[in-house]
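First up is the structure itself, then whatever we jot down about it.
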Amino acid sequence: MLIPTSRAAAITALLALAMLAWPGRSWWALAVVNGALLAALAVDLALCVAPATVDVVRELPSSMRVGSTGELAWIIGNSGSRTARATISDALWPSLAASRRSVRTVLGPATRTRATAHLHPVRRGRFPLDRLTVRITGPLGLAARQATRPTPGSIKVMPAYPSRDAVRRRLRTPRIPDVGVRSVRSAGGGTEFDQLREYRDGDEFRRIDWPSSMRLQRPIVRQFRTERNQTVVILLDNGRVMAGTVGAAPRVEHAMDAALGLAEATAMMGDRIGMLAFDRQVRAIVPATAGRNQLSQMSEAMYQLEPDLAESAYTAAFSAAAARFRRRSLYVVFTDLGEATIEQTVRPALAILVRRHLVVVASVRDPVIGGWAAGREHVWASDAFRQAAAVSAIESRDRAAARLRSAGAIVLDAEPGQLAVQLVDTYLELKASGRL
């Protein structure tokens, strides 16, 4: 198939202008010019290398995270005996934000080259890459031959984890000798006996083991450690209330960030973590196990979730979770503190969990509304109305949180970027106090 190039179009335009400017009126001149142009195109097309002689192999990462950077590579080889001027175009998704989608190269006989592009995905999900187009330009640069071939592949873009560094700083506090991983574990001391040791300044007197102290004639204290192999269950609301945006991302994205932070913390502390994502029905279940592999398992379960613009079935989801995770656990429910939703659906359903389990309800607060509520200068009447609406919205969230606390739940309402950190701190404090 003949594909004229931009050079051919430019030459055609120049010849047309020349014919318009030529004073003669001979049709033979027009026929000669057109014939010469078509002959040049035919010769260039005949001398053009067949696209089948150019092989292209795509190398790409199997998975990435939103906001991360990855490299896509094309390995291009010429198996023919003539030089090929090739342009490789890849049908990349706009959400991958590739630095380029095509590459031009000149390949000598039996040579190979490697070209790369940087990917900066801005949306999670699975992105299939099915086709590649190879265009070979003739030696005169007037005509090209093109072929589109199937090149199957895909990239999984996992949820963003922007709080990773903050969470890891929380988990990297210096070790205290003979006490535990974090200082927070020494405050409550845990409830599982570890060993006896000599008294040190700052130890609690209630930890002194008097029989051992009298026998050894020096103060001996009982050292406790935080229990391991406890269970944490994440209940991720994927319904209508989580589709609203806070900042530049939906609420469910902030919840996924906090869920990944909690998964990393439980892996370090030796606990088991599982997850159940739901809206009108249960969408994904991750069995509760221990180990750092749970971070990738949860990412795998979440990366294709899209908020369902309908009311979530809290009672059905909480019942399914309680039936599957029977061991006493820490349940973390990610939802929004809309007063009507909390009062009508979430609070009645909490009774299924709080009878036996420890429940934390986590939500993300919009800092813009907080800024409106704190505004003091009113230039226009609309500023006062906006502030009144913002104050009313915050009071509504506070009333919803109070109702959840009265039902037996711990409530976290944090701004974006802080929810993961506050949730990890709450988890560590619950472990250290022996409540979990």
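The values are calculated or read from the model by the stated rules, or taken from the named source; none is laboratory data. Everything numeric here is computed off the predicted structure, so don't read it as measured data. Heads up, the Cβs are rebuilt from the backbone with ideal geometry, glycines too, and the neighbour counts pull from every protein chain shown. The area values use the complete protein model at the heavy-atom level, side chains included, leaving out ligands, DNA and RNA. Shrake-Rupley method; radii C 1.70, N 1.55, O 1.52, S 1.80 Å.
Residues are listed down the side, and each one gets a yes or a no for (1) under 17 Å from SER296 (Cα atoms); (2) among the basic types (Lys, Arg); (3) modelled with pLDDT of 85 or more; (4) open to solvent by less than 10 Å² (accessible area, probe 1.4 Å):
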residue	(1), (2), (3), (4)
ALA160	yes, no, yes, no
VAL167	yes, no, yes, yes
ARG172	no, yes, no, no
PRO219	no, no, yes, no
GLU227	no, no, no, no
ALA259	yes, no, yes, yes
MET275	yes, no, yes, yes
Pairs returned, first residue in the range 314-329 that is in contact (Cβ under 8 Å) with a residue 12 or more places away in the chain, second residue that is of a type in the set (Val, Ile, Thr) and in a helix (DSSP H, G or I), beta-carbon separation under 8 angstrom, 6 or more apart or interchain, are TYR314/THR345; TYR314/VAL346; THR315/THR345; THR315/ILE352; PHE318/ILE352; SER319/ILE352; ALA322/ILE352
Pairs returned, first residue in the range 375-400 that is of a type outside the set (Gly, Ala, Ser), second residue that is open to solvent by 70 Å² or more (accessible area, probe 1.4 Å), beta-carbon separation under 7 angstrom, 6 or more apart or interchain, are ARG386/TRP372; GLN387/TRP372
Restricted to the range 277-306 and to residues being closer than 30 Å to VAL368 by Cβ and touching a Lys or Arg at 6+ places or on another chain (Cβ under 7 Å), the residue surrounded by the fewest Cβ atoms within 10 Å (Cβ to Cβ) is GLN304
Going through the range 134-169 in order, the residues found to be closer than 24 Å to VAL122 by Cβ, of a type in the set (D, E, K, R) and in a strand (DSSP E or B) are LYS156
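Would you pick out the residues in the range 109-140 that are crowded, with 16+ Cβ neighbours inside 10 Å, closer than 30 Å to THR5 by Cα and among the charged types (D, E, K, R)?
Keep residues of the range 109-140 that are crowded, with 16+ Cβ neighbours inside 10 Å, which gives 115, 117, 119, 121, 124-125, 127, 129, 132-138, 140.
Filter again for closer than 30 Å to THR5 by Cα, leaving 115, 117, 119, 129, 132-138, 140.
Correct list: ARG135 only.
Filter the range 348-366 for residues that are among the aliphatic types (A, V, I, L, M) and open to solvent by less than 10 Å² (accessible area, probe 1.4 Å); which is nearest to the chain's Cα centre (by Cα)? Full working, then the answer.
The initial filter retains those residues of the range 348-366 that are among the aliphatic types (A, V, I, L, M), namely 349-354, 358-362, 364.
Among the residues that remain, those that are also open to solvent by less than 10 Å² (accessible area, probe 1.4 Å) are: 349-350, 353, 359-362, 364.
Values: ALA349: 29, LEU350: 28, LEU353: 29, VAL359: 25, VAL360: 23, VAL361: 22, ALA362: 19, VAL364: 17 Å.
Here the residue is VAL364.
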Looking across the range 16-29 at residues that are among the hydrophobic types (A, V, I, L, M, F, W, C) and open to solvent by 60 Å² or more (accessible area, probe 1.4 Å), the single one that is modelled with the highest pLDDT is LEU17
Is it the case that some residue within the range 367-380 is surrounded by 18 or more Cβ atoms within 10 Å (Cβ to Cβ), small (Gly, Ala, Ser) and farther than 19 Å from ALA258 by Cα? no
The condition from (1) part of a strand (DSSP E or B); (2) open to solvent by less than 50 Å² (accessible area, probe 1.4 Å); (3) in contact with a Leu (Cβ under 8 Å, 6 or more places away or on another chain) that ALA40 misses is numbered (1)
In the set ARG65, ARG135, ARG123, ARG100, the lone residue that is under 30 Å from ALA40 (Cβ atoms) and either in contact with a Phe, Trp or Tyr (Cβ under 6 Å, 6 or more places away or on another chain) or of a type outside the set (A, V, I, L, M, F, W, C) (or both) is ARG135
